[in-house]
Amino acid sequence: MISQINQLKIGPRLMVSFAAIVWLMLVGNVLLVWQFFLVSQQSDRVSAFARELAAVSLLQTDILSLDARLDLLAKSEDLDALGREARNLRSILSADGESVRDALVHLPSDAPRDIGVLPTVEAVKITLPPQLDAVIALAVAADWDAVRLRLANEKAPLEASTSDLVRNVQRQVSDELAHSVVQHERLKRRILLIVPSTALVMLLASTLLGLAITRSISDPLRLLVQGSTALARGDFDQRIQLFGNDELAHLGSVFNETTTKLRELYRQKQSSEAELRQMLDLTPQYLGVLGADGTPIYANRASLDYLGMGLDEWLQRKQIGEEIHPDDLERVVSGLNRALSTGSTVEIEERVRKGDGSFRWFLSRCNPVRDENGKMTRLYLASTDIHDRKSAEERLQLENVALREEIDRASMFEEIVGTSKPLKAVLSQIAKVAPTDSTVLITGETGTGKEVIARALHKRSRKSGRAFISVNCAAFAPTLISSELFGHEKGAFTGATQRRLGRFELADGGTIFLDEVGELPPDTQVALLRVLQEREFERVGGTQSIRVDVRIIAATNRDLDAAVAGGSFRSDLFYRLQVFPIEIPPLRERRDDIPLLVEYFIDRYARKAGKNIRQVNQETLELLQSYAWPGNIRELQNVIERSVILCETETFSIDESWLPQQPQTFLTAKPKSQVELSRRLEEQEKDMIEEALKASRGRVFGPTGAAAKLGIPRSTLESKIKSLKIDKNRFKTDPEG
Amino acid sequence: MSSARRCSVGDFAVVRHKFAKIGGLWPVLLLSLIFGGCHPTKPEPTTVSYLRLGWAQPDDLPEMETLLRQFTRETGIRVRDLPVPETTFDQLDLSRRLLKQADGGPDVLAVDVIWPGVLESDLVDLRHDMADEIQSLEPQLLRSYESDGKLLAIPYTVQVGVLQYRTDLLREYGYQHPPKTWDELENMAARIQAGERTKGNKDFWGYVWQGAAAEALTCNAIEWQAAAGGGRIIESNRTISVNNPAAIRSWQRAKHWIGWISPPSVLAYQELDSLNIFDKGGAAFGRIWGGASITRMGLFRQMHWRNSLAQSITGYTTIPGGSTGGAGTLGGSGLAVSQHSPHRRESIELGRFLIRTQIHSNQVEESAVVDRPGFRSADSASEASRTSKTSVRARLAIRPSGETGPQYEQVARAYIDAVHSVLTGEKVAPEAAAALEKELVRITGFPIGPPLKGD
């Protein structure tokens, strides 16, 4: 039975146990009901016997009392009364007999019966009537003696018989009562036994069954959970032994088969993984795997070597991020979040700290892996060291800035064009000084091409392969020029959100061209002096000295001697700069070069504008040669560019009105003295600038700006506005006047 | 590394096994407690019911009770004795009713010697079961209880009609012997009656007998007929002989007694009434049943057992005769076992016990009869008793119950009615005899014939 139950599945097993408990409860209750039934039956028995006793006693009493009455009547010899009483006795006897019979019928079927009762009643019923008949017959015969004697003698057996009957029934009733009392006591004890024992057995059975069922389910479940947990941990050698034929046993065998297969697969996977790891460790790329929550899972050898830690140490990291450069962290985090949210591959450039504390740039490709439900499970990271490239790019970017400016200017003076004598003298100086690393100070009027000369020096120097950085010192606010030149640390000043390399650092190994050097504020002059003396400087806000190998070429159109004399320029700096001075002659002093320059610019701008200009109008050439060109070559260039744009034919010509007449005056009016000349030139210059500013409503740069109108670089104009003390704002507020 | 884990539903099995031990036993334990005590554990001893004659003879009750208690002691079988009515017809009626009942009928019953034929289908053949006891019994008695070759009852008591008389009065009135003939009885009765009445005993009668319309009348009348040579109603050759002059004369003689030597109320007398009158000293002679031994060599003995005034002055003698001598009616009863008894073995056990006790009692009495005080006080009568052994045997008036079998009851009732009608003067004797003869022919289908000499 038990073994059969063992073979049951869990559901039927629960059902069987439940049925067993219900069965026990039923048994207990049936027993109780049975006991109560017995009690009731016992009462019924006693009642039935009591009824029998009552009936029998009544029979006896009636017989005896009527018999006594008959005696009395016999004595009084009243025949009629005797006859009535005899009839009365007969009917009473019949009724009493029926009562007894009825009481007997209602005795419980299993009750012990006095087998003498019915026969006795029958005997009495049969005997008494003939006896009464005999008495009446004697009385009719008036033999009252015989009547009395008969009555007297009849009574004895009748009494004996009915007494016997009553006695027997009484005995039976008392036996039954005694038995009933015993039974009641027994039943009471039994009920008192059944109630607690039923409850106890129910409790015990329920508990035992409950425990047994719980154990039969929970133990295998526990083992399955343990096994599964171990399996989840990767212990594929787990085996569970469950006996029986239920679902759990089946689950156990499935579990074992699964673990066996998993073990096999795991070994294969381990083997593949080992190979893969070996391969990954050998790759120069930095590879890592993160969990969905960012916890480290795997990193290849290259990565670990870079980070300077073992795999275990790395795995103990709760999250990566400590190695990422703080400046990049926000970007990296947002990139990762983007990768996680979109599920798409994201590439992030980031700096990662090396084991030794230094940072290197990496291009990290983050590839999220999702399961079939779309849930992110892994994040694969593949990082490539792009530090060199990044550094180069960074430098390149800065260099590009410089180059772009340079190109702008190069577009003007990319080539020194001319064969005039004064130019040849300059070119000779260039040729001599270029191969040296000597500091060169280039002076000359605005637009004479000081930067072209500087470029030419760089191109012919040993540093020609490195950067040429050009800085217009007048273009920067005095507060920013130091930062521009020397760079700054993060947070060095308001707005310094990142560390920035200065122009000197960018020019390291190359040449730096400091245009309008005369505009440098005093503190920057000191710093520049230090660079010139010691070849080192500190970033703004920084403490670390940075050494650079830079050739310095400075230029100015100001009279530095006057500035030194006036105290606005440091003399020691001036002398440091003026190691090799080169003065560039103004265009008016090299009129011979104008035709070449015209041809050169026409070719340049015609090509740019897509026009075909084959020749130059002679008048135009003459006009150009006769003009004084206060703006020097830059002015010439602008006039030609404008003309080329407007030129509709293959013959180049200019509108005379484009060239102011003042130069003629300027050329013809002779200055009284050198000082007078300078003053007049300044006045003239101031007037022209103010005129241009007025036209441009105070705007300096841009296509409609005063610089464009005057045909001079913005920097030059700014410098002149400053030096001539022109209030440019005046033209902004009053555009009409 | 391998860590095999074991668990088995066997754990469940073990617990369940424990439970099965407890839970499985519990209902059995409880049930045994509950049902074990529902009924008395001690089995009830078998109770055998015994329908015995003698209910109307209360003096016999204590003796019988003692006997039955002895039986219970010896065998463990209880006996519940059932009372029987006074008259044999009523006894027959009760016996028949109880035997027909499916439940509660008697196991052992006393059957009047005249009824075995009537109750044949309800009784067990005891020939084999009581073979030992039968050896000791009088064969003539045994035959009275046979029917169709079956022995339906074992003789238990033997009664013979006898005459009781007042020894003191006989002596007083100068009679040395009790009457031998009805004529003598009539003379003696009339003389003593007159003498006693003269003394002032106005209600004194010469002879009391059983004149009520009951079987006792059959016994009285057949004794009259036997004395007159009037046959025994239906003879042993199954002829109806009742309508004969001798019988008619005997009835007429009896009719003559009424109002002369017997009270008019004698027509309502049964055994009890005649005894009552005799015992109170109201009569000189009375007809009564005398007991006899059932044993082969049993002596006639008187069994007047009543502790009354009359006992010391009562003598017993045979029923007076006539020209052919007197005869006493054979009465008594045998023990039978009901065919329907659920306790046949116990019933036979009781029967054997009673018979053995009776045989032993008879034998003791036979050897001690001479020492009985009752007999000593009536020497002549005792003498007569002692010497009447052969005559009693020879002069038994046997009712035709054997010949008529199941019809005996009807035969007897017809006979009683006829005789009683003659005694009451309702009919004259020849008329009554003729009518009776006719009725008996109708009842039995037997032919008519003369009384046989030897019966």
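The values are calculated or read from the model by the stated rules, or taken from the named source; none is laboratory data. This one's a predicted model, so the numbers in the text were calculated from it and none came from an experiment. Cβ placement follows ideal geometry from the backbone for every residue including glycine, while neighbour counts extend to all protein chains displayed.
Below, the figures for the structure above:
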quantity	calculated
Region A:75-111: number of residues that are of a type outside the set (Ser, Thr, Tyr) and over 21 Å from A:SER161 (Cβ atoms)	15
Unique residue being surrounded by 15 or more Cβ atoms within 10 Å (Cβ to Cβ) and under 19 Å from A:ARG233 (Cα atoms) when the list is A:LEU340, A:LEU262, A:LEU315	A:LEU262
A:VAL201 being part of a helix (DSSP H, G or I), in contact (Cβ under 8 Å) with a residue 60 or more places away in the chain and either more than 30 Å from B:THR424 (Cβ to Cβ) or more than 9 Å from every other protein chain (Cβ to nearest Cβ) (or both)	yes
Number of positions in region A:142-163 that are more than 7 Å from every other protein chain (Cβ to nearest Cβ), modelled with pLDDT under 80 and surrounded by 20 or more Cβ atoms within 10 Å (Cβ to Cβ)	3
Output for region B:401-441, where each listed residue is of a type in the set (D, E, K, R), part of a helix (DSSP H, G or I) and over 17 Å from B:ARG232 (Cβ atoms)	B:ASP417, B:GLU431, B:LYS438
Candidate set: region A:127-141, residues that are at the interface with chain B (Cβ under 7 Å from one of its Cβ atoms) and surrounded by fewer than 21 Cβ atoms within 10 Å (Cβ to Cβ); chosen: the one farthest from B:ASP81 (Cα to Cα)	A:ALA141
Some residue of region B:191-206 being over 22 Å from the mean Cα position of the chain (by Cα), more than 24 Å from A:ARG148 (Cβ to Cβ), aliphatic (A, V, I, L, M) and away from chain A (no Cβ under 14 Å)	yes
Answer from A:GLU682, A:GLU648, A:GLU599 - the residue that is over 60 Å from the mean Cα position of the chain (by Cα), within 30 Å of A:ALA454 (Cα to Cα) and modelled with pLDDT under 85	A:GLU682
Among the candidates B:GLY315, B:GLY321, B:GLY286, residue that is modelled with pLDDT of 90 or more, small (Gly, Ala, Ser) and farther than 30 Å from B:ILE355 by Cβ	B:GLY286
Candidate set: region A:243-257, residues that are at pLDDT 85 or above and out of contact with any strand residue (DSSP E or B) (no Cβ under 8 Å at 6 or more places or on another chain); chosen: the one surrounded by the most Cβ atoms within 10 Å (Cβ to Cβ)	A:VAL254
Set A:VAL117, A:VAL105: member being within 14 Å of chain B (Cβ to nearest Cβ), loosely packed, with under 15 Cβ neighbours inside 10 Å and either of a type outside the set (S, T, N, Q) or closer than 25 Å to B:LEU92 by Cα (or both)	A:VAL105
Conditions (1) modelled with pLDDT of 85 or more; (2) on the phi < 0 side of the Ramachandran plot; (3) of a type in the set (Gly, Ala, Ser); (4) part of a loop (DSSP other than H, G, I, E, B): number failed by A:GLY447	(2)
Residues of region A:541-558 classified as in a strand (DSSP E or B) and surrounded by fewer than 21 Cβ atoms within 10 Å (Cβ to Cβ), total	3
From A:ASP592, A:ASP523, residue being surrounded by fewer than 18 Cβ atoms within 10 Å (Cβ to Cβ), in a helix (DSSP H, G or I) and over 54 Å from the mean Cα position of the chain (by Cα)	A:ASP592
Evaluation of A:GLY418 against (1) modelled with pLDDT of 85 or more; (2) over 28 Å from A:SER545 (Cα atoms) (one fails), failing number	(1)
Filter pass, B:ALA227 being buried (at least 24 other Cβ atoms within 10 Å of the Cβ), more than 14 Å from chain A (Cβ to nearest Cβ), of a type in the set (A, V, I, L, M) and farther than 21 Å from B:TYR408 by Cα	yes
Pairs with Cβ under 9 Å, 6+ apart, first in region B:108-134 and polar (S, T, N, Q), second in a loop (DSSP other than H, G, I, E, B)	B:SER121/B:GLN339
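Rundown of residues vs (1) outside any helix (DSSP H, G or I); (2) within 17 Å of A:ASP293 (Cα to Cα), yes/no style:
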{"site": "A:TRP314", "(1), (2)": "no, yes"}
{"site": "A:ARG331", "(1), (2)": "no, no"}
{"site": "A:GLY335", "(1), (2)": "no, yes"}
{"site": "A:ALA339", "(1), (2)": "no, yes"}
{"site": "A:GLU347", "(1), (2)": "yes, no"}
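Yes or no, residue by residue, for (1) more than 9 Å from every other protein chain (Cβ to nearest Cβ); (2) surrounded by 12 or more Cβ atoms within 10 Å (Cβ to Cβ); (3) assigned to a helix (DSSP H, G or I); (4) under 53 Å from the mean Cα position of the chain (by Cα):
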{"residue": "A:VAL181", "(1), (2), (3), (4)": "yes, yes, yes, no"}
{"residue": "A:ARG190", "(1), (2), (3), (4)": "no, yes, yes, no"}
{"residue": "A:ILE194", "(1), (2), (3), (4)": "no, yes, yes, no"}
{"residue": "A:SER216", "(1), (2), (3), (4)": "no, yes, yes, yes"}
